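**Student:** Questions regarding the structure given below will be posed in turn.
Bear in mind that the values in this text are calculations on the coordinates, not laboratory data. Please read all numbers here as calculations on a predicted model, not as lab measurements. Heads up, the Cβs are rebuilt from the backbone with ideal geometry, glycines too, and the neighbour counts pull from every protein chain shown.
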Ligand SMILES: Nc1ncnc2c1ncn2[C@@H]1O[C@H](COP(=O)(O)OP(=O)(O)OP(=O)(O)O)[C@@H](O)[C@H]1O
Ligand SMILES: [Mg+2]
């Protein structure tokens, strides 16, 4: 049985179709990442799965339970960080964790948990005085108090410094090692590449791509590209003397390669141009390239070169 | 049933600690009540409640009783011109218990004409008119003087030289009602109203905005447990306010207060009601700003018209009518009955009313307040 199962899920707010018939499933022990631009419907989807919002239609099951109808049962078995996590103003992180422990009837060691999310240095500071990143870390700690099987993290690293972000990554990896299922949203694509077994890219409430990052890159990417440091003279030469598609800007020229022969042509042309160049690299479309392409489509972005 | 006392207590611990850490919470719980009583006590200290109303119960059906009343009226009917120097006579129906009636009106001055008055007077027997009064109050002295004068006239009219009509004096229930005596129960009611109402109305909207309710709904804590913990907390703060205000009232201003279990009932029921009401009011508005407007609309009339700062009986009739639909009135009225007059029977009605409406409002609050969204 998958840990999370969604099919044909729909949710409308007034005129806005926030979630428009999405379907996906997440296996037990998997780390699944939901990506998409602002307003794509990620939070809405996650909140429906957490039992915090009712769906309009479709099915949603978490650990085999209907999140809205069986929320009370489900909540004992899941952990959640809401987007923009906020808590009561006055409890300290240590008190907050003890409070959650008492509510769930679980014995917890606040210090151990605080160390795990690297918040032990601020364990006695009132919540309202914690920094943004420290608050976020407390959210992470609280989501783990009840030893959950499935953890929903809605933008857990937004606003964190690089070190804290890596600490969160560490926590997520450990959760995966322990066999827990994690569903995560993020705007940092490298975070998804780093952590997720599979990702889904959402746009206007629909999933436009889903799979491992490699699968998505090869399916939606436009193949190899050669990037070389060089000026407009190089770009001009390439456009006038080859049939290659090339784009320039910011001291870089990108040449899109359809096959191996293109690579040879490009190299030759660069050499012949006589223009100054350096730092030549060849790489495949990254997740970010694919993301921008998929998300930009139909909005008039990313179609310039076609 | 999912109810768990231990979860309620865990929530209480966190909420109570937060309230004490927050400056506003600390101020409204511990400092504000003391400031209020010092302020109002100082402004009005020493001043008795000016009671120019004298209640008259004529139990006599014969002509002499009526003549006596009209004689009283002719000496002292100042009801219409509003002069503070005069007495205003108000008739009391025959069938009511007079001393209870007096205390229900927070009054101490009254005159009772006995049932056999005409018969006795005409047959030359001795008969007494009873004057209720408060020995230390100036109005009571005026009442006694007026009655003595009228009695004198009757005795002169009767058989020559024989004093058939006498005056029996009775002290009305408690000895000495001063403004401060009413102020203490009034301000306890005020404290029981304001701190839970403002806190709950504010909380219900800010918690929703900050998604704290959503967060709580992800734990096993239930709405009932959450609301109950707030009620317990505000019962505690109301008890503390009560202790502080009573201490200041008694030791600083010499208030007369009877301590008894009836007070405890109101200290429980008041916060029970206002926490529930605050939550219910909070559910009707989505933004903190709108919530505070609605909250004030509900709170302010109660704050001033329920007998908090002045006894309701000293207000104009139409405002008294308004007061009677405000729940806080029943808390303060009941507190007055038990703390000042020791009149439990009158307070039972207040208790029953308050309990009934609290249960209803609590149930409505639990029903209408959602911590998830559709
Ligand atoms: N409570 C609400 N009432 C009305 N509209 C809403 C509500 N919540 C979300 N929306 C709308 O639904 C759409 C999806 O919002 P959602 O929060 O799910 O997006 P998201 O993918 O999480 O975006 P972000 O990356 O900015 O967090 C948006 O257009 C948003 O304006
Ligand atoms: Mg979101």
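**Student:** List the extent of the Cα atoms of the protein assembly as shown along each of their three principal axes, largest first, rounded to whole Å.
**Tutor:** If we take the Cα atoms of the protein assembly as shown, the spans are 148, 50, 45 Å.
**Student:** Next question. Give me the one-decimal nm value for the distance between modelled label points at residue A:254 and residue A:77, 7 Å along each residue's Cα-to-Cβ direction.
**Tutor:** 4.5
**Student:** With labels modelled as points extended 7 Å from the Cα through the Cβ direction, what inter-label distance (nm, one decimal) is found for residue B:296 paired with residue A:286?
**Tutor:** 5.4
**Student:** Using 1/(1 + (r/R0)^6) with R0 = 51 angstrom and r between the beta carbons of residue A:233 and residue A:16, what's the FRET efficiency to the nearest 0.05?
**Tutor:** According to the calculation, E is roughly 0.60.
**Student:** State, as an integer percentage, the relative contact order of chain A based on alpha-carbon contacts under 8 Å between residues 6 or more apart.
**Tutor:** 18
**Student:** Angle between the Cα long axis of helix A:132-144 and the longest principal axis of chain A, 0 to 90 degrees, nearest 10?
**Tutor:** 60
**Student:** Follow-up. Roughly what percent of Cα-Cα pairs across segment A:116-272 reach past 28 Å?
**Tutor:** Above the 28 Å cut-off, segment A:116-272 has 47 percent of its Cα pairs.
**Student:** Could you work out how much longer the chain between residue A:106 and residue A:206 gets when fully extended? Use 0.36 nm per residue separation minus the Cα distance between them, nm to one decimal.
**Tutor:** That pair, residue A:106 and residue A:206, stretches by 32.2 nm at full extension.
**Student:** Further question on the same structure: Can you list the equivalent-ellipsoid semi-axes of segment A:186-306, largest first and in whole Å, using the square root of 5 times each Cα gyration tensor eigenvalue?
**Tutor:** Its equivalent ellipsoid spans semi-axes of 30, 15, 13 Å.
**Student:** Next question. So how tilted is helix B:223-253 from the main axis of chain B? Cα-based, degrees 0 to 90, rounded to 10.
**Tutor:** Long axis of B:223-253 versus the principal axis of chain B: about 40 degrees.
**Student:** Then there's this: For chain A, what is the mean residue ellipticity at 222 nm derived from helices alone (per DSSP H run of n ≥ 4: -39500 (n - 2.57); sum divided by total residues; nearest 500 deg cm²/dmol)?
**Tutor:** Value at 222 nm, helices only: -10500 deg cm²/dmol.
**Student:** Mean-square fluctuation check for chain B, GNM, Cα pairs under 10 Å: which of B:208, B:21, B:90 is largest?
**Tutor:** Fluctuation is largest for B:21.
**Student:** Here is a follow-up. Go ahead and estimate [θ] at 222 nm for chain B from helices alone: -39,500 (n - 2.57) per DSSP H run with n ≥ 4, summed, over the residue count, rounded to 500.
**Tutor:** -20500 deg cm²/dmol
**Student:** Using Stokes-Einstein with the Kirkwood hydrodynamic radius over Cα pairs, what translational diffusion coefficient do you get for chain A at 25 °C and a viscosity of 0.890 mPa s, in µm²/s rounded to a whole number?
**Tutor:** Answer from the Stokes-Einstein relation: 114 µm²/s.
**Student:** Next up: Between residue B:367 and residue A:187, with labels modelled 7 Å along Cα→Cβ, what's the label distance in nm to one decimal, could you check?
**Tutor:** 4.3
**Student:** Tell me the Kirkwood hydrodynamic radius of segment A:1-107 in angstroms, computed as one over the mean inverse distance between distinct C-alpha pairs.
**Tutor:** 15.3
**Student:** Using only the alpha-carbon atoms, what does segment A:85-150 span along each of its principal axes? Please give whole angstrom values in decreasing order.
**Tutor:** 29, 20, 19
**Student:** Roughly what percent of Cα-Cα pairs across segment A:223-284 reach past 15 Å?
**Tutor:** The proportion of pairs with Cα distances above 15 Å equals 38 percent.
**Student:** Another question about this same structure. How high is the FRET efficiency from residue A:54 to residue B:148, r the C-beta distance, R0 56 Å, rounded to 0.05?
**Tutor:** After rounding to 0.05, the efficiency reads 0.10.
**Student:** Still on this model: Output the relative contact order of chain B, whole-number percent, from Cα pairs under 8 angstrom with separation of 6+ residues.
**Tutor:** Averaging sequence separation for qualifying contacts and normalising by length gives 20 percent for chain B.
**Student:** Further question on the same structure: In degrees, nearest 10, range 0 to 90: what is the angle between the Cα axis of helix B:63-76 and the longest Cα principal axis of chain B?
**Tutor:** Tilt relative to chain B: about 70 degrees.
**Student:** While we're on this one: At 0.36 nm per residue, and after removing the present C-alpha to C-alpha distance, how many nm does the segment from residue B:43 to residue B:355 gain when stretched out fully?
**Tutor:** Residue separation times 0.36 nm, minus the Cα-Cα distance, leaves 108.9 nm.
**Student:** Then there's this: What does the convex hull of the Cα atoms come to per residue for segment B:222-267, in Å³?
**Tutor:** Once divided by residue count, the hull of segment B:222-267 is 56 Å³.
**Student:** Taking only Cα atoms and a 10 Å spring cutoff, compute GNM fluctuations for chain A and point out the largest among A:171, A:282, A:208.
**Tutor:** A:282
**Student:** Given Cα positions, please report Rg to Rh for segment B:212-357, the hydrodynamic radius being the Kirkwood one.
**Tutor:** My calculation of the ratio gives 1.01.
**Student:** Moving on. Mind checking Rg over Rh on chain B, alpha carbons, Kirkwood formula for Rh?
**Tutor:** Ratio of gyration radius to Kirkwood radius: 1.11.
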